[in-house]
Amino acid sequence: MAWLLVIVAGLLETGFAVCLKLSHGFTRLWPTVAFCAFALGSFGLLTMALKKLDVGPAYAVWTGIGAAGTAIYGMVFLGDLVSTLKIVSITLVIVGVIGLQLSGSSH
(Lines give C-alpha, C1' and ligand atoms only; values in the text may rest on other atoms or scores of the structure.)
Protein backbone atom coordinates (compact mmCIF):
# COMPACT_ATOMS: atom_id res chain seq x y z
CA MET A 1 0.00 0.00 0.00
CA ALA A 2 2.84 2.41 0.82
CA TRP A 3 4.34 1.91 -2.65
CA LEU A 4 1.00 2.69 -4.24
CA LEU A 5 1.02 5.99 -2.33
CA VAL A 6 4.50 6.76 -3.70
CA ILE A 7 3.40 5.99 -7.25
CA VAL A 8 0.33 8.22 -7.01
CA ALA A 9 2.44 10.93 -5.34
CA GLY A 10 4.88 10.70 -8.27
CA LEU A 11 2.06 11.11 -10.76
CA LEU A 12 0.83 14.12 -8.81
CA GLU A 13 4.38 15.50 -8.95
CA THR A 14 4.11 15.36 -12.73
CA GLY A 15 0.86 17.31 -12.41
CA PHE A 16 2.35 20.02 -10.25
CA ALA A 17 5.39 20.43 -12.50
CA VAL A 18 3.22 20.81 -15.59
CA CYS A 19 0.90 23.25 -13.80
CA LEU A 20 3.91 25.24 -12.66
CA LYS A 21 4.82 25.80 -16.31
CA LEU A 22 1.22 26.55 -17.29
CA SER A 23 0.89 29.08 -14.45
CA HIS A 24 3.42 31.38 -16.18
CA GLY A 25 5.09 32.37 -12.92
CA PHE A 26 1.88 32.13 -10.89
CA THR A 27 0.19 34.76 -13.06
CA ARG A 28 -2.63 32.48 -14.23
CA LEU A 29 -5.19 31.58 -11.58
CA TRP A 30 -6.37 28.07 -12.44
CA PRO A 31 -3.00 26.53 -13.23
CA THR A 32 -1.72 28.07 -9.98
CA VAL A 33 -4.63 26.58 -8.03
CA ALA A 34 -4.04 23.21 -9.70
CA PHE A 35 -0.31 23.45 -8.89
CA CYS A 36 -1.14 23.96 -5.20
CA ALA A 37 -3.59 21.04 -5.17
CA PHE A 38 -1.19 18.66 -6.94
CA ALA A 39 1.75 19.73 -4.77
CA LEU A 40 -0.21 19.31 -1.54
CA GLY A 41 -1.48 15.91 -2.64
CA SER A 42 1.95 14.76 -3.78
CA PHE A 43 3.79 15.82 -0.65
CA GLY A 44 0.98 14.54 1.56
CA LEU A 45 0.99 11.07 0.01
CA LEU A 46 4.78 10.89 0.06
CA THR A 47 4.75 11.85 3.74
CA MET A 48 2.29 9.07 4.51
CA ALA A 49 4.32 6.52 2.54
CA LEU A 50 7.55 7.47 4.31
CA LYS A 51 6.07 6.24 7.58
CA LYS A 52 6.55 2.71 6.23
CA LEU A 53 9.31 2.96 3.61
CA ASP A 54 13.01 3.79 3.56
CA VAL A 55 13.51 7.36 2.44
CA GLY A 56 16.13 6.72 -0.29
CA PRO A 57 14.25 4.29 -2.51
CA ALA A 58 10.88 5.99 -1.91
CA TYR A 59 12.24 9.42 -2.77
CA ALA A 60 14.00 8.05 -5.85
CA VAL A 61 10.78 6.46 -7.12
CA TRP A 62 8.81 9.66 -6.40
CA THR A 63 11.27 11.92 -8.19
CA GLY A 64 11.84 9.39 -10.99
CA ILE A 65 8.14 9.17 -11.77
CA GLY A 66 7.87 12.94 -11.57
CA ALA A 67 10.87 13.60 -13.79
CA ALA A 68 10.06 10.96 -16.40
CA GLY A 69 6.35 11.77 -16.35
CA THR A 70 6.95 15.48 -16.76
CA ALA A 71 9.40 14.98 -19.62
CA ILE A 72 7.03 12.59 -21.41
CA TYR A 73 4.04 14.90 -20.88
CA GLY A 74 6.05 17.82 -22.23
CA MET A 75 7.01 15.92 -25.36
CA VAL A 76 3.51 14.58 -26.01
CA PHE A 77 1.33 17.57 -25.08
CA LEU A 78 3.47 20.72 -24.79
CA GLY A 79 5.60 20.51 -27.90
CA ASP A 80 8.89 19.85 -26.11
CA LEU A 81 11.71 18.60 -28.28
CA VAL A 82 11.70 14.83 -28.83
CA SER A 83 15.10 13.26 -29.37
CA THR A 84 16.66 9.86 -29.11
CA LEU A 85 18.97 11.11 -26.35
CA LYS A 86 16.02 12.41 -24.34
CA ILE A 87 14.14 9.11 -24.65
CA VAL A 88 17.25 7.10 -23.73
CA SER A 89 17.83 9.40 -20.74
CA ILE A 90 14.25 8.99 -19.50
CA THR A 91 14.66 5.22 -19.85
CA LEU A 92 17.88 5.37 -17.82
CA VAL A 93 16.12 7.34 -15.06
CA ILE A 94 13.42 4.67 -14.88
CA VAL A 95 15.95 1.82 -14.93
CA GLY A 96 17.99 3.56 -12.23
CA VAL A 97 14.97 3.97 -9.98
CA ILE A 98 14.02 0.32 -10.44
CA GLY A 99 17.60 -0.72 -9.71
CA LEU A 100 17.69 1.36 -6.53
CA GLN A 101 14.41 -0.16 -5.42
CA LEU A 102 15.63 -3.71 -6.11
CA SER A 103 18.99 -3.13 -4.39
CA GLY A 104 17.62 -2.48 -0.93
CA SER A 105 15.15 -3.98 1.42
CA SER A 106 12.01 -2.21 2.45
CA HIS A 107 9.66 -2.77 5.33
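The values are calculated or read from the model by the stated rules, or taken from the named source; none is laboratory data. The structure displayed is predicted, hence computed values, not measured ones. Note that each Cβ is placed from the backbone with ideal geometry, even for glycine, and that neighbours are counted across all protein chains shown.
The single condition from (1) among the hydrophobic types (A, V, I, L, M, F, W, C); (2) assigned to a helix (DSSP H, G or I); (3) surrounded by 17 or more Cβ atoms within 10 Å (Cβ to Cβ) that Leu53 fails is (2). Summed over region 81-103, residues that are under 10 Å from Gly64 (Cα atoms), touching a helix residue (DSSP H, G or I) at 6+ places or on another chain (Cβ under 8 Å) and surrounded by 13 or more Cβ atoms within 10 Å (Cβ to Cβ) total 4. If I filter region 42-55 for residues that are at pLDDT 95 or above, among the small types (Gly, Ala, Ser), farther than 23 Å from Gly99 by Cβ and more than 15 Å from the chain's Cα centre (by Cα), do I get at least one hit? Checked against the condition, which is being at pLDDT 95 or above, among the small types (Gly, Ala, Ser), farther than 23 Å from Gly99 by Cβ and more than 15 Å from the chain's Cα centre (by Cα), region 42-55 yields no hits at all.
Would a scan of region 36-47 turn up a residue that is surrounded by 11 or more Cβ atoms within 10 Å (Cβ to Cβ) and outside any helix (DSSP H, G or I)? Looking through region 36-47, none of the residues is surrounded by 11 or more Cβ atoms within 10 Å (Cβ to Cβ) and outside any helix (DSSP H, G or I). In the set Leu29, Leu78, only one residue is in contact (Cβ under 8 Å) with a residue 24 or more places away in the chain, surrounded by fewer than 15 Cβ atoms within 10 Å (Cβ to Cβ) and more than 11 Å from the chain's Cα centre (by Cα); that residue is Leu78.
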